[in-house]
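Below is one structure, written out as structure tokens; the observations come after it.
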Amino acid sequence: MRNVYLDYSATTPVKEEVLKEMLPYFTEQFGNPSSLYDKGLEAKEAVICAREQVAQLIGAKPQEIFFTAGGTESDNWVVFGIADKLKEKGNHIITTKVEHHAMLHSCQFLEKHGYDVTYLDIDKDGLVSPDALEKAITDKTVLISIMMVNNEIGTVQPIKELAAIAKAHKILFHTDAVQALGNVPIDVKDLGVDLVSLSSHKIYGPKGSGALYIRKGVQLSNYLHGGAQEGRKRAGTENLTGIVGFGKAAELARIHFDEHVAHCSSLRNHLVERVLAEIPHAYVNGSMEHRHPGNANITFEYIEGEAILLLLNQAGISVSTGSACSSASLEPSHVLSALGVPVEMIHGTVRFTIGDFTTLEDVDYVVDTLKTVVSRLREISSVNMEKGW
């Protein structure tokens with residue numbers, strides 16, 4: 001049976017070049033970067049190199065990159081670090097209704113402890129209105145956090161314009177760029193952002209490794225306390241192999257960026273065109289113009305997305321009904337709800353995400369199988385409705 005993986009926004013396989021770079025640090029160059037003898041110094045040099053590689057990918061200075069355990073920790077660090085550092089200035093945070101749960105749940109936690117949070121709406125294309133952001137700002141606002149690329153519908157927000165609004169009001173601006181990294185151009189200086197969350201496993205690096213960009217001069221309280229690692233900002237012995245892998249993955253993402261975007265967008269467009277032309281009552285959610293190059297979030301009317309997923313899985317095809325982080329939840333997607341998709345249609349939605357190892361043959365196999373699956377499920381649904389089930 002053919003196996004096709006179309007869930008690259010959930011996670012990516014570690015590339016061979018990345019694994020090769022990591023392997024010596026498991027067994028030979030395994031020293032603690034904080035140790036002063038040769039093995040420790042070798043490890044420290046590896047961390048310095050990885051920091052430079054990640055910084056180059058986003059146009060930052062190496063000293064502005066702080067390694068974490070992933071995007072979730074980076075998001076949490078921003079929310080709680082700023083809330084603590086600026087508690088005397090104000091207690092208001094602005095974010096959106098379509099953020100990753102790492103941001104939403106952190107903000108909801110703060111609401112239980114006296115913070116006010118404004119959750120901005122999105123329009124029919126999934127975009128945040130700059131005017132709405134401007135109107136939401138108060139004299140108590142200490143942080144604005146708007147994700148760069150949505151993890152479900154792939155919408156790319158106008159971060160530069162939104163960050164400029166924050167800067168005009170002297171408010172810190174954070175963006176969760178976990179889905180954006182390696183998929184859309186990121187230059188932190190040009191964008192004017194203060195804080196950026198990053199993750200390794202979305203760009204063919206290892207899981208459990210991430211980073212937070214903190215613009216020079218920005219102050220936030222530590223999230224983890226202990227040793228003096230990461231410039232005394234993030235305690236804990238460095239995840240050496242994960243950091244080395246993240247660095248190599250970042251280097252490859254920078255070198256092959258144009259090739260990657262062209263490959264993914266071409267196959268994504270082919271998938272969307274075939275689905276819309278050959279499967280009735282199907283439509284794409286979110287803007288096709290301002291979109292992650294590999295993302296196709298498609299609603300199939302009159303059927304359940306979970307049923308589609310399970311039947312595709314039987315045919316060796318891996319896709320998602322929403323973000324992987326919330327796939328165990330029975331609640332309708334908060335992103336599609338904010339987009340205005342009716343609840344019954346939300347449950348008929350599938351997210352396809354294409355990556356570097358996807359081929360044209362893979363996409364055609366998926367669409368051919370999908371046509372059969374959707375037809376079969378609609379026949380069952382029709383029979384059940386006729387029988388009153």
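The values are calculated or read from the model by the stated rules, or taken from the named source; none is laboratory data. Predicted model, so just to flag it, every value in this text is computed and none were measured. We place every Cβ from the backbone using ideal geometry, glycine too, and count neighbours over all the protein chains shown. Heavy atoms of the whole protein, side chains included, go into the accessibility calculation; ligands, DNA and RNA do not. Shrake-Rupley method; radii C 1.70, N 1.55, O 1.52, S 1.80 Å.
The apolar share of the surface of the chain, taken as the fraction of accessible area on carbon and sulfur atoms (1.4 Å probe, ligands and nucleic acids excluded), comes to 53 percent. Ranked by the mean number of other Cβ atoms within 10 Å per residue, highest first, peptides 128-138, 61-71 order as 61-71, 128-138. FRET efficiency for the pair GLU331 and LEU41, taken as 1/(1 + (r/R0)^6) with r the Cβ-Cβ distance and R0 = 41 Å, rounds to 0.25.
Would you mind working out the accessible area per residue for the chain, using a 1.4 Å probe, and quoting it in Å²?
Details: 17130 Å² over 389 residues.
Accessible surface, normalised per residue, equals 44 Å².
For the chain, a crude dipole built from +1 on the beta carbon of Lys and Arg and -1 on the beta carbon of Asp and Glu, taken about the Cα centre, is about 920 debye to the nearest 20.
Charges were assigned to the Cβ only: +1 to each Lys and Arg, -1 to each Asp and Glu. The resulting dipole of segment 253-348 about its Cα centre is roughly 260 debye.
Relative to the dominant Cα principal axis of the chain, helix 305-314 is inclined by about 90°.
Using only DSSP helix segments of four residues or longer, with each worth -39500 (n - 2.57), what per-residue ellipticity at 222 nm results for the chain after dividing by its residue count and rounding to 500?
Numbers: 15 runs with 169 residues, N = 389.
Rounded to the nearest 500, the figure is -13000 deg cm²/dmol.
Label point of ALA235 set 7 angstrom out along Cα-Cβ; within segment 26-50, amide nitrogens under 20 Å from it belong to 32-35. Reported to the nearest whole Å, the Cα centre-to-centre distance from segment 213-259 to segment 56-108 is 14.
If the chain linking SER266 and LEU23 were pulled fully straight, counting 0.36 nm for each residue of separation and taking away their Cα-Cα distance, it would gain 84.1 nm. As a rough guide to protection, the peptides 103-112, 151-160 ranked by mean Cβ packing within 10 Å, highest first, stand as 151-160, 103-112. Subtracting the Cα-Cα distance of HIS101 and GLU306 from 0.36 nm times their residue separation leaves 71.7 nm of extension gain. Could you work out how far helix 360-387 tilts from the main Cα principal axis of the chain, as a 0 to 90 degree angle to the nearest 10? Once rounded, the angle reads 60 degrees. Length gained on full extension, GLU273 to LYS87, computed as 0.36 nm times the residue gap minus the Cα-Cα distance: 61.9 nm. Within the chain, DSSP assigns beta bridges of which about 55% are antiparallel (rounded to the nearest 5). Here the spin labels are modelled as points 7 Å beyond Cα on the Cα-Cβ line, and at VAL218 and THR138 they lie 2.3 nm apart. Label reach from ARG254 (point 7 Å along Cα→C-beta): in segment 58-74, amide nitrogens under 17 Å belong to 58-67. Using the Cβ-Cβ distance between GLU344 and LYS124 with R0 set to 30 Å, the FRET efficiency from 1/(1 + (r/R0)^6) comes to roughly 0.95. Between the helical axis of 257-278 and the longest alpha-carbon principal axis of the chain there is an angle of about 20 degrees.
Put a plus charge on the Cβ of each Lys and Arg, a minus charge on the Cβ of each Asp and Glu, and nothing anywhere else: the dipole of segment 62-212 about its Cα centre is then about 240 debye.
With 30 Å as the limit on Cα-Cα distance, the pairs of LYS167/LYS207; LYS160/LYS202; LYS44/LYS87; LYS20/LYS371; LYS44/LYS97; LYS61/LYS207 that go past it are LYS167/LYS207; LYS44/LYS87; LYS20/LYS371; LYS44/LYS97. With the cut-off at under 13 Å, measuring from each backbone N in segment 1-16 to a point 7 Å along the Cα-to-Cβ line of ASP368 picks out 2-3. What residue among GLY316, HIS260, PRO280 has its Cα farthest toward the positive end of the dipole of segment 212-324, where the charges are +1 on Lys, Arg and -1 on Asp, Glu, each on the Cβ? Ranked along the dipole, the leading option is HIS260.
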